[in-house]
Amino acid sequence: MKIAVLSDIHSNIEALGAVVRDTKTWGANTYLVAGDIVGYGASPNECISMIKELDAKCVAGNHDWGVLEKSSISNFNRAAREAVIWTREEINTESRAYLESLPLNLEHEGISLVHANFTEPEGWAYVFTLTRVAEELELFKTSIGIIGHSHVPFIAKKVNGWPEEIKTDTVRFNKGERLLVNVGSVGQPRDYDPRACYLRVDTDSLQLQLLRVEYDVASAQERILKAGLPSSLAARLKTGQ
């Protein structure tokens, strides 16, 4: 089975479209989304429609909940708050109902999925350190645990009893081995690489691969500016930060 895992799309339809085209060329037959379909970008309804067409299994992210007013956006920066408020007015009834339907975590085909962390999914704390990775590795039952939220991809697994980050984009794994993967961001990468990022999981070859995909950044920026969203949200797409 070929599983494409996406996260942090953030209403960037140009990036999402490019990633979906790449997944189809690869032959993906299952899609998982680790939250934050909306926020920041200017195409929330279009992105939700595309995810629905893929029949993706999704969890909710903090921006999804922020739009639904299910969690506070008081700790968001100004641009993020403005984008959430704009999105609340922009999404249609069908899109809102879809976001309302999303759980905070799920398991599918040997993969556990949550947006920020398994410790407290509704708390939205980031996983940045190996100490936190060690804690997270104990909290899901499947071989692979997937998170997003930070927009910075990594693959980590235990080596001699302690987690280490794997420094390659492609990793073979053994059945029964436990890995924690941050799949990065489709719509707003923050690791200084502006290309969209997603994860390929091949359950036949037991291989994980983090992929980067070029997309039309200029068109995504133009949509943001035309919608009247903060210009900083457009500018950061070019630098990947």
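Coordinate-derived values only; no laboratory data. None of the values given here were measured: they were computed from a predicted structure. Counting neighbours? That spans all protein chains shown, and the Cβs are built from the backbone with ideal geometry, glycine included.
Computed values, structure above
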item	result
Unique residue being surrounded by 12 or more Cβ atoms within 10 Å (Cβ to Cβ) and part of a helix (DSSP H, G or I) when the list is Leu99, Leu106	Leu99
Whichever residue in the range 109-124 is part of a loop (DSSP other than H, G, I, E, B) and out of contact with any Ser or Thr (no Cβ under 8 Å at 6 or more places or on another chain) and, among such residues, is surrounded by the most Cβ atoms within 10 Å (Cβ to Cβ)	Ala116
Which listed residue, of Val127, Val133, Val84, is among the β-branched types (Val, Ile, Thr), in a loop (DSSP other than H, G, I, E, B), under 19 Å from the mean Cα position of the chain (by Cα) and closer than 23 Å to Val183 by Cβ	Val127
Which listed residue, of Ser219, Ser185, Ser231, is among the polar types (S, T, N, Q), surrounded by fewer than 17 Cβ atoms within 10 Å (Cβ to Cβ), closer than 23 Å to Asn12 by Cα and touching a residue at least 60 places away in the same chain (Cβ under 8 Å)	Ser219
Hits in the range 58-84 (condition: surrounded by 19 or more Cβ atoms within 10 Å (Cβ to Cβ) and among the charged types (D, E, K, R))	Asp64
Number of the condition not met by Arg172 [criteria: (1) surrounded by fewer than 17 Cβ atoms within 10 Å (Cβ to Cβ); (2) under 29 Å from Glu120 (Cβ atoms); (3) of a type in the set (Lys, Arg)]	(2)
Residue match in the range 165-188 (condition: in a strand (DSSP E or B), of a type in the set (Lys, Arg) and in contact with a strand residue (DSSP E or B) (Cβ under 8 Å, 6 or more places away or on another chain))	yes
